[in-house]
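Comments concern the structure below.
The values are calculated or read from the model by the stated rules, or taken from the named source; none is laboratory data. In this text the structure is predicted, and so the values were computed from the model without any measurement. Note that each Cβ is placed from the backbone with ideal geometry, even for glycine, and that neighbours are counted across all protein chains shown.
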Amino acid sequence: MKTGIQVADALIVNALDSADIGYWARVPKGCGDHGELLKGNQTATVEEFDESTGATTATHTLTAEKVRAGVAVMAAKYPHHMKNLLEDNSDAETGDVLVQCSLLGDIVYG
């Protein structure tokens, strides 16, 4: 999916590095290097969980393609978060939104 917006990998890596998804998901087999993920050299397993029981409710694989599609979703649906990403002002919320857009296609949590 193309947005017409060029986003440097470093900005995406900063957002992923900043992401705080621990309130809705865990990464038991996470990638150690988001730059390598964006190059397609690795993936990350992300498990959604039920906060009350801790039980896994869904498992997703984060890939470079999904992250790039998530950037397009974020640009289309959440321009204020996209602005933070483009201005290299990513924080835990920006990263969380990017991960949710990448895996869920929308903000589902928080």
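Some points to look at:
- Scanning the range 57-110 for residues that are touching a helix residue (DSSP H, G or I) at 6+ places or on another chain (Cβ under 9 Å) and of a type in the set (Val, Ile, Thr) gives Thr61, Thr63, Val67, Val71, Val73, Thr94, Val97, Val99, Ile107, Val108.
- Residue match in the range 31-39 (condition: assigned to a helix (DSSP H, G or I) and in contact with a strand residue (DSSP E or B) (Cβ under 8 Å, 6 or more places away or on another chain)): yes
- Hey, Ser102 touching a Lys or Arg at 6+ places or on another chain (Cβ under 7 Å) and buried (at least 16 other Cβ atoms within 10 Å of the Cβ) or not: yes
- For the range 5-13, the criterion of a residue being in contact with a Gly (Cβ under 8 Å, 6 or more places away or on another chain), modelled with pLDDT of 95 or more and among the acidic types (Asp, Glu) is satisfied by at least one position.
- Of all the numbered requirements in (1) surrounded by 13 or more Cβ atoms within 10 Å (Cβ to Cβ); (2) closer than 21 Å to Glu47 by Cβ; (3) not polar (S, T, N, Q), Val108 misses one, and that requirement is (1).
- On the stretch given as the range 20-55, residues that are touching a Ser or Thr at 6+ places or on another chain (Cβ under 8 Å) and among the aliphatic types (A, V, I, L, M) total 4.
- Top-ranked residue of the range 22-39 - restricted to ones that are surrounded by 14 or more Cβ atoms within 10 Å (Cβ to Cβ) and among the small types (Gly, Ala, Ser), ranked as farthest from Asp50 (Cα to Cα): Gly35
- Taken over the range 40-55, the criterion of being part of a strand (DSSP E or B) and either touching a helix residue (DSSP H, G or I) at 6+ places or on another chain (Cβ under 7 Å) or of a type in the set (Asp, Glu) (or both) is satisfied by Ala44, Val46, Glu47, Glu48.
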